[in-house]
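Asker: This is the structure I have questions about; it appears just below.
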Amino acid sequence: MTTATRGAVGTAHTRVEGRDKVTGAARYAGEIPFADLAHGWLVLSTVARGRVRSVDTEAVLAMPGVLTVLHHHNAPRVTTDYVGLLGVPPDPTVALFQDDRVAHMGWPVALVVAETSEQAREAAEALVVHYDREPHDVAFSAERDTEAYPADGHMPAVVEKGDLEAGLAASAVVVDERYTTPEEHHNPMEPHAATARWEGGRLEVVDSNQGTNWVAGELAGLFSLDPASVRVRSEHVGGGFGSKGVRAHQVAAVMAATVLQRPVRVVMTRRQMFSLAGYRSPTAQRVRLGADPDGRLRVLEHRSLNLTSAVYEFVEPSAAAGRSMYAADAHHTASRVVRLDVPSPTWMRAPGEAPGSFALESALDELAERLGIDPIELRVRNEPSVGPVSGLPFGSRNLIACFREGARRFGWAERDPRPGVRRDGRWLLGTGTAAGSFPTTAMPSTAAVTAEADGTFTVRINAADIGTGARTALTLVAADALEVSTDRVRVHIGDSDLGPAIIAGGSMGTRSWSWAVTAAADELRRSLVPGADIPPEGITARSNTAEAVGALAQKERHAFGAQFAEVAVDPATGEVRVRRMLGVFAAGRIVNPLTARNQLVGGMIWGLSMALHEEAVRDRSTGGLYGADLAGYHVAAHADVPPIEADWVDDPDPDDPVGIKGIGEVGIVGAAAAVANAVWHATGVRHRSLPIRPDRVLSAGGDA
Ligand code: MOS
């Protein structure tokens, strides 16, 4: 411990693996070389519901290079009778080839394994599978609420406080509106890919995922293996957004590697990802707000309907978003689900909050309009002093500080509140704002920090860098905790043999891992004798934050944000262009401003994309998606994205050793509502269904 270089945290740092990534030296799961590698290609069902009657393997087994065809008659047996790292039961979709049931279009029915990827694909496309079709039902709509039920996902589905009807009767103004959001897909740049092999009695999987302990635990559970005999590595990950947990590709690779006793790789195609990687459920939401003439809310009611598959219950908890946002005497929120013959939806960046904030924050804007109160002032008047439903204190809550700073920088004070009155040539102009929040959590993790004989430090923590810059953030955190410069710190991540740590998800990765790294570094500093030599094997200290994290007091813990957007709408073509966006966030201490801004801007771009472009459309007759690829599924491209600014106010978390909250998800929350509110301000027309497509703008007309 010689030089005390203070304060790496909070200073901009390029990614420590950045050079490897831009030069191609960084290898991704689908391109890491293995000797004697065989390739598997998944075969997906062409019916939406029914049974596999037979699989004609004979002709395919005679094709060049084909090694085997796995299906429900010959695949290894697995069990779903276990609970994984996240404490939720497995989606039985990953119990591949266990019976003849087909639960949705694109259900995995076979795996063809061959010497090369091309041979496997050729044979997979030639494989004839016969089905007994059954009628399917994929029609999601608000009317399905009659068959829906409240479901407990990872939070209570229904929360009711106060008398709703009495509150509505006493309200001077009531907003009662319905909103919809479509099925949306993650589309991480890097497709899901895994290679499995048996090596010295251990199962080894090289994968692209959001947590190697998580995937290792699921594979151990599925295949009834001793968890210590499963190793999963995932060094570089090209995006996850919630989709990269245990999925068909790893399970198929393990099955084939077990049967063939050689390494097998399975990579999903982009099209297969639309069936196998999960997605965000469409939502149908209703919001009722009742307020006094001064804007004080008497009633906040938010009901949301989402779909789930026939085999697994996943709740998109859109109605939960409001529980921490606004005070109201009567506060009713409910998320319900309906079962359909579709793939299981899953977590997707800001699950619940992203679609929920579109409805709630649009409704707030409608209330502001009817009351003649500025939308920011309306939020100020309903700012809670404690959790509106929980009654718990806030860890820190700087939402209004975000609005004040955002309003100043955006020029909100000069805004004319009247809709449809600004023109720039053929364009109608408008501005809008919305709030956002996302829960901040810390989860137990372990870390090891070694003082090396050469004066450097090695940090070992099973973190996952899914593109967020986690490896770099942890380098800065470790350097500060050790009081050394960052060039003396090396961080190893992405290997389940490094010990248990929480996943990159729920905006809790960097906070949870930083806690563990800080604790191990502190421990190491205590055990080092100043001036004493370090032995060749180094000196290692370890941490486990289970106790410290478990001792956190019950509080409302969230990151907050204020979103601003300016749009231009062409009333002749229905085109909506976003001209600028600003997001100001209160999201804890910012470890690395460079990569943090990237996270927040990335979320905001996704919000823009959600507002204007993204929509997966399911064909009711086949049960599949139209255009399941990046040509048919539109995402915002460079030409759609204007200058976007993200910044933050000072908001260190008072209960975190580093002051971190988490930034992975809050950037998308409220962004789509800000755009939709700006479209109203431009045109005078409310769009309550996303995306705001040109045809919707045209058919809605306006004040043009
Ligand atoms: Mo995320 S949806 O927390 O990976």
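The values are calculated or read from the model by the stated rules, or taken from the named source; none is laboratory data. Just so it is clear, the structure is predicted and the values come from calculations on it, not from any experiment. Note that we place each Cβ from the backbone using ideal geometry, even for glycine, and neighbour counts take in every protein chain shown.
Asker: Could you say which residue among ASP465, ASP454, ASP497, ASP487 is surrounded by fewer than 18 Cβ atoms within 10 Å (Cβ to Cβ), in contact (Cβ under 8 Å) with a residue 40 or more places away in the chain and not assigned by TED's automatic domain parsing to the domain that holds ALA194?
Answerer: Values: ASP465 fails: surrounded by fewer than 18 Cβ atoms within 10 Å (Cβ to Cβ); ASP454 fails: in contact (Cβ under 8 Å) with a residue 40 or more places away in the chain; ASP487 fails: in contact (Cβ under 8 Å) with a residue 40 or more places away in the chain.
The match here is ASP497.
Asker: Does the stretch 227-266 hold any residues that are within 16 Å of the ligand (Cβ to nearest atom) and over 17 Å from TRP214 (Cα atoms), and which are they?
Answerer: Quick first cut of the stretch 227-266, residues within 16 Å of the ligand (Cβ to nearest atom) only: 234, 237-247.
Selection gives GLY238 alone.
Asker: Also, quick follow-up: Can you find even one residue in the stretch 223-232 that is within 19 Å of the chain's Cα centre (by Cα) and surrounded by 22 or more Cβ atoms within 10 Å (Cβ to Cβ)?
Answerer: Keep residues of the stretch 223-232 that are within 19 Å of the chain's Cα centre (by Cα), which gives none.
Within the stretch 223-232, not a single residue is within 19 Å of the chain's Cα centre (by Cα) and surrounded by 22 or more Cβ atoms within 10 Å (Cβ to Cβ).
Asker: Scan the stretch 537-562 for residues that are surrounded by fewer than 17 Cβ atoms within 10 Å (Cβ to Cβ), outside any strand (DSSP E or B) and touching a Ser or Thr at 6+ places or on another chain (Cβ under 7 Å) and report the count.
Answerer: 1
Asker: Within the stretch 321-330, can one find any residue that is in a strand (DSSP E or B) and surrounded by 23 or more Cβ atoms within 10 Å (Cβ to Cβ)?
Answerer: Keep residues of the stretch 321-330 that are in a strand (DSSP E or B), which gives 330.
Narrowing the set further to residues that are surrounded by 23 or more Cβ atoms within 10 Å (Cβ to Cβ) leaves none.
No.
Asker: Quick one: which strands (runs of 3 or more DSSP E) sit completely within the stretch 106-206 and have at least 1 residues that are under 22 Å from ALA330 (Cα atoms) and modelled with pLDDT under 95?
Answerer: Details: elements: 108-114, 128-133, 158-161, 173-181, 193-199.
It comes to 158-161.
Asker: Among the residues of the stretch 111-121, which ones are over 29 Å from the mean Cα position of the chain (by Cα) and closer than 21 Å to PRO76 by Cα?
Answerer: Scanning the stretch 111-121 gives VAL112, VAL113, ALA114, GLU115, ALA120.
Asker: Considering each of ALA516, ALA532, ALA520, ALA504 in turn, give the residue that is without any contact (Cβ under 8 Å) to a residue 60 or more places away in the chain, among the hydrophobic types (A, V, I, L, M, F, W, C) and outside any strand (DSSP E or B).
Answerer: Values: ALA516 fails: without any contact (Cβ under 8 Å) to a residue 60 or more places away in the chain; ALA520 fails: without any contact (Cβ under 8 Å) to a residue 60 or more places away in the chain; ALA504 fails: without any contact (Cβ under 8 Å) to a residue 60 or more places away in the chain.
ALA532 is the lone residue from the list that is without any contact (Cβ under 8 Å) to a residue 60 or more places away in the chain, among the hydrophobic types (A, V, I, L, M, F, W, C) and outside any strand (DSSP E or B).
Asker: Only residues that are surrounded by fewer than 17 Cβ atoms within 10 Å (Cβ to Cβ) and at pLDDT below 95: list them for the stretch 83-105, please.
Answerer: VAL83, GLY87, VAL88, PRO89
Asker: What tally of residues in the stretch 337-392 results from selecting those that are polar (S, T, N, Q) and either away from the ligand (no atom under 16 Å from the Cβ) or in the same structural domain as PRO108 (by TED's automatic domain parsing) (or both)?
Answerer: Residues flagged as polar (S, T, N, Q) and either away from the ligand (no atom under 16 Å from the Cβ) or in the same structural domain as PRO108 (by TED's automatic domain parsing) (or both) within the stretch 337-392 amount to 4.
Asker: Would you point out which residue out of ALA676, ALA671, ALA646 is closer than 20 Å to ALA142 by Cβ, at pLDDT 95 or above and under 24 Å from the mean Cα position of the chain (by Cα)?
Answerer: Working: ALA671 fails: closer than 20 Å to ALA142 by Cβ; ALA646 fails: closer than 20 Å to ALA142 by Cβ.
Just a single option satisfies the conditions, and that option is ALA676.
Asker: List the strands (runs of 3 or more DSSP E) that sit entirely inside the stretch 1-100 and contain at least 2 residues that are more than 25 Å from THR195 (Cα to Cα). Lay out the reasoning, then the answer.
Answerer: On the way: elements: 38-44, 50-56, 66-70.
In the stretch 1-100, 50-56 are the strands (runs of 3 or more DSSP E) which contain 2 or more residues that are more than 25 Å from THR195 (Cα to Cα).
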